[in-house]
Every structure is written in structure tokens, then in C-alpha cells.
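The values are calculated or read from the model by the stated rules, or taken from the named source; none is laboratory data. Just so we're clear, the structure is a prediction, and the values are computed from it rather than from any experiment. All Cβ positions, even for glycine, are placed from backbone atoms using ideal geometry, and neighbour counts span all protein chains on display.
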Amino acid sequence: MDAGWLLEELLKIYSPPHGEGELAKFLHSFLRQYVADVWIDEAGNVVAVKGRGEPVVWLHAHMDTVPGPLPVRREGSVLWGRGAVDDKGPLVSYVKAFLETEPRGTLVLALVTAEEDDSAGTEALLRGGPPRPAHVYVGEPTDLHVAYAYRGGAKVYIELTSRGGHASSPIYGNIVEELFGVYQEVKQRLGHAEKFDSFTVTPTVVQCGDAPNKVPTRCVMILDVRIPLDKTCADVAAALPPAARLATCTNPAAASPTSPAARALVRALLRLGIEPKLSRKWGTADFNLLISLTKSIAAFGPGDPKYAHTEDEHIDIRQVETAAAALKMAVEELR
């Protein structure tokens, strides 16, 4: 399978969360050329199955990207475009591994929707669908590291209202200042610090005001909160001041770095002449949900995560191919 061609074609199809329909149809048609058992489920996920019996191994990656299309271009072995790193580069490596692997048992390819939003695709898979897995590999840009833990993630909303007023008069107060005051209070209560083992609180959306000479009547701020491994969503909820509301939350998750899935990948990397590296991820992913199915789970894929969600997303196709080769070896070893 030509990984470079497939990735370039996928990058040309814009697929924000809940807008993956065109991409799903393309992937379904592509996979039907090679396997008969492939379908699009009610959540828009593309699912393919090959082999039979035990063990059941899932190769899981997400089709959606963060919003904001980018020009697609190729220079040598490097491709630029929205999702090159997160998550279409990893997805292509998982597709390639799926097609080229001869599994001992059942191999499931699950290409899911809305990971960058509400994980609707993975939530649907948790409720039912393909055979339940003994081992899961989650396609994420880990730079070929074997990731075994992810912090939790929450969205916190701050919404303030006022009667408004003329900007020239100070007597009304200003909810813009109050909004940032609540933000600072959330940071203080959670003990925000730029460390893996601490809460991190990052404002991502601010909507306030509709005229330059008018005190706003409504202000909204959305905070992205990341949760350390030893804390939970309940800790976030308990710490919030009255003006802040917990909208969504996913608990942190950690598997063993010596799980069968992780060990198989480590051995595969060694066979490829690559020094294996284990990592814990600062972000949150479908890994946090899939760990409920099995503790033999690892996140793995090509792409430097520092370019994820940036205007400079790019990936080397050679690393996509290396990731696929490692996955093939790992899956064929698992029992």
C-alpha cells in the first residue's frame, strides 16, 4: 500500500468533528478493495474486520481533525496539511498495518469520529459493534514512543451577565474584568502549574462584547483543564467557584508500561533498529475510554506531537511507514 498517496488523498478531505462523512465514504470504498467485512456504523465510524478467533486486537484511530483547513502540499517525503500529525498520519499507518498483517486471531480496524470533540465514535464502539478486544493500539502522534498513560481532560464554562452601560461611565462595573478574575480563581483553586503531575488550566475561547463603546452584557470563557493521573473529574468539580461550570470531563487513564500490547511494540521497535521510548501524554485521547475494554493497551503512531493542532502540521511519510511496520510485527506476535 502506498502510504504517501493515501495520506495525501485524506488530507485533501476536510474532516472536522462530526463532519467526517466524506472521509468515511472514501475510506470505506478504499478498504472494500481489500477486505469484504467493512462497514460504516450508526456513529459514522468505519470498521473493518479480518481473521477469526482469539486474540482480538483493535487498531483504533480517529478520522476527525481540529477545525481549520490548511493547504496540502508535499515536498519529498514530507506532507503538510490539517491532520497530517493528528490524526491522519497515524490513521494511515494503522490502515497499512491492518491490510498487511496476518493476525493470529481477529484484527479489527476502527476509524472513529469526533475524538477532537465528544468522542461520539468511540462511545458508540463501547456500547457494541465489533468483537471485544484483548489488546488495543490507539493511533496518536507519539513520535514512535509507546505511550501508556494520558491525563484527564475537562471543559469548564464561565458565563457572566450584566445590565451593560456606556463605556465612559465606571459606575456599572465591567464583567470583562470579573471574567478574568474568575479564571484566575479557577487556576488558584486547582493549583495550576505547567507540570505533568499538576492541573493545567488554559483559556481557549473568550466571547465578550459587541461594541467598542459599550460595557458587555454577556461574557463567556471556556477553559481547557487537564487532570493529573492522581486526580479525577470529581476533584475538578469540587474545586470550581460558583461562577464556573463543569461542562464535560474525562478521567485520566494509565495502563502498565509492561502490558502485552506495550511489550510487543517495544520488541517490534528493537527489531527495526529503533530505541524504544516509553511516554506519558499531557493530553487526553480515546485511550482514556478504551482502557475500560482492556488493560493491554498502548497509544502509538508517527508524527511529532508538538505540531499537532498548529498551522504547521507536517509529517514524514517514512515515519508513517515505520509505524505501520512496527504495528504489523506487534499484532502478529500477540496471543
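Here are the numbers:
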| item | result |
| --- | --- |
| Residues located in segment 1-16, provided they are under 18 Å from P302 (Cα atoms) and either in contact (Cβ under 8 Å) with a residue 24 or more places away in the chain or assigned to a helix (DSSP H, G or I) (or both) | M1, A3, G4, W5, L6, L7, E8, E9, L10, L11 |
| Selection within segment 214-247 - closer than 16 Å to P203 by Cβ and either under 18 Å from the mean Cα position of the chain (by Cα) or among the β-branched types (V, I, T) (or both) | V220, I222, L223, D224, V225, R226, V236 |
| Selected residue (only one of R226, R263, R189, R245 is modelled with pLDDT of 95 or more and assigned by TED's automatic domain parsing to the domain that holds L111) | R263 |
| Qualifying residue in segment 177-184 (condition: at pLDDT 95 or above, assigned by TED's automatic domain parsing to the domain that holds I297 and either aromatic (F, W, Y) or in contact with a strand residue (DSSP E or B) (Cβ under 6 Å, 6 or more places away or on another chain) (or both)) | no |
| Selected residue (only one of D210, D224, D235 is within 17 Å of L179 (Cβ to Cβ), among the charged types (D, E, K, R) and not in a strand (DSSP E or B)) | D210 |
| Residue in segment 32-50 that is assigned by TED's automatic domain parsing to the domain that holds K328, within 28 Å of P257 (Cβ to Cβ) and out of contact with any Lys or Arg (no Cβ under 6 Å at 6 or more places or on another chain) present | no |
| Matching residues, segment 17-72, being among the aliphatic types (A, V, I, L, M), out of contact with any Gly (no Cβ under 9 Å at 6 or more places or on another chain) and in a loop (DSSP other than H, G, I, E, B) | V35, A36 |
| Whichever residue in segment 245-259 is polar (S, T, N, Q) and not in a strand (DSSP E or B) and, among such residues, is nearest to I227 (Cα to Cα) | N251 |
